[in-house]
Amino acid sequence: MVTIFGWTVLALSLAGVVLVGGWVAYMRSIDQPAFTLVASDGDIQVRDYGTMTVAEVTTTGNRDGAVRTGFRPLAGYIFARDRQGDKIAMTAPVTQQRLSGDADAAGSDARWSVRFIMPSGTSADALPAPANAEVRLFETPPARRVVIRFSGRADDAMFAENERRLRDWMASNGYQPVGAPMLAYYDDPMTPGMFRRNEVLFEVQR
């Protein structure tokens, strides 16, 4: 026999599923950069991206610390916390790319680029000027990227394993990477690990 307590637990569980599902649906609905799919092989894709407008900061530290440090001034910019004007719509993903130094958790001297991608159709000239000198606005050129997608609450080991898989795939399929890998985070920290979307991307020669 199902007790009142049992029904309460069931109701709370169902409510939790609905809330999580609604939050994940919201995160999936926000603006993401458009691309043309060139090739697909399981969880690996080759994509052509057009010009994108980005807001960028440069930070120093290990991977996790650097992206957290970079997030704050970028969020201050898009949410108009430290400047005049309207907020800018939330987008995904937040990207991170190593500029120099060690990439692992012990690499406290590594330098990183952390970027927010601005909404589609915006240009650097048309956006509000950042009040924080750490934030730079510019447009990236079109690029072909090889991408691997995976779920989970990503840590250094998970990113390293997927980078290795991606390098192996590129070597087997004739793609030559250009520069360091880019890491992409698509979800809010509240999103459960099983629903999270992460990517490793390499720009490649066309």
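The values are calculated or read from the model by the stated rules, or taken from the named source; none is laboratory data. The shown structure was predicted, so the numbers you read here are calculated from the model rather than taken from an experiment. Don't worry about glycine lacking a Cβ; one is built from the backbone with ideal geometry, like all the others, and counts go over all protein chains shown. These accessible areas exclude ligands, DNA and RNA; they are computed on the full protein's heavy atoms, side chains included. Shrake-Rupley method; radii C 1.70, N 1.55, O 1.52, S 1.80 Å.
Somewhere in the stretch 109-121, is a residue open to solvent by 60 Å² or more (accessible area, probe 1.4 Å) and either free of Cβ contacts under 8 Å to residues at least 12 places away in the same chain or on the phi > 0 side of the Ramachandran plot (or both)?
yes
Check whether at least one residue in the stretch 166-180 is open to solvent by 20 Å² or more (accessible area, probe 1.4 Å), under 16 Å from the mean Cα position of the chain (by Cα) and within 17 Å of residue 44 (Cα to Cα), and report yes or no. First the steps, then the outcome.
First, the residues of the stretch 166-180 that are open to solvent by 20 Å² or more (accessible area, probe 1.4 Å): 167-169, 171-180.
Add one more test, that the residue is under 16 Å from the mean Cα position of the chain (by Cα), and what stays is 180.
In the following step, the residues that additionally are within 17 Å of residue 44 (Cα to Cα) were identified as none.
Among the residues of the stretch 166-180, not one is open to solvent by 20 Å² or more (accessible area, probe 1.4 Å), under 16 Å from the mean Cα position of the chain (by Cα) and within 17 Å of residue 44 (Cα to Cα), which makes the answer no.
Could you please find all residues in the stretch 53-86 being surrounded by 13 or more Cβ atoms within 10 Å (Cβ to Cβ) and more than 30 Å from residue 108 (Cβ to Cβ)?
53, 80, 83
Please indicate, with yes or no, whether at least one residue in the stretch 21-31 is open to solvent by 20 Å² or more (accessible area, probe 1.4 Å) and at pLDDT 90 or above.
So far as the stretch 21-31 goes, yes, one or more of its residues are open to solvent by 20 Å² or more (accessible area, probe 1.4 Å) and at pLDDT 90 or above.
In the stretch 39-82, which residues are touching a residue at least 40 places away in the same chain (Cβ under 8 Å) and either of a type in the set (Lys, Arg) or touching a Cys at 6+ places or on another chain (Cβ under 7 Å) (or both)?
47, 63, listed by residue number.
Name, by its number, the condition in (1) over 27 Å from residue 53 (Cβ atoms); (2) modelled with pLDDT under 95 that does not hold for residue 158.
Just one mismatch for residue 158, condition (2).
Identify, from the list 167, 149, 145, 115, the residue that is out of contact with any strand residue (DSSP E or B) (no Cβ under 6 Å at 6 or more places or on another chain), modelled with pLDDT of 95 or more and under 27 Å from residue 37 (Cβ atoms).
Residue meeting the stated conditions: 167.
Return the only residue of 154, 143, 129 being touching a residue at least 12 places away in the same chain (Cβ under 8 Å) and open to solvent by less than 20 Å² (accessible area, probe 1.4 Å).
143
When you look at residue 135, is it under 26 Å from residue 204 (Cβ atoms) and open to solvent by less than 40 Å² (accessible area, probe 1.4 Å), yes or no?
The answer is no for residue 135.
Of all the residues that make up the stretch 194-204, how many are more than 11 Å from the chain's Cα centre (by Cα) and open to solvent by less than 20 Å² (accessible area, probe 1.4 Å)?
The qualifying residues number 2.
Filter the strands (runs of 3 or more DSSP E) completely within the stretch 97-206 down to those with at least 2 residues that are out of contact with any Ser or Thr (no Cβ under 8 Å at 6 or more places or on another chain) and within 25 Å of residue 59 (Cα to Cα).
Answer list for the stretch 97-206: 143-150, 177-185, 198-204.
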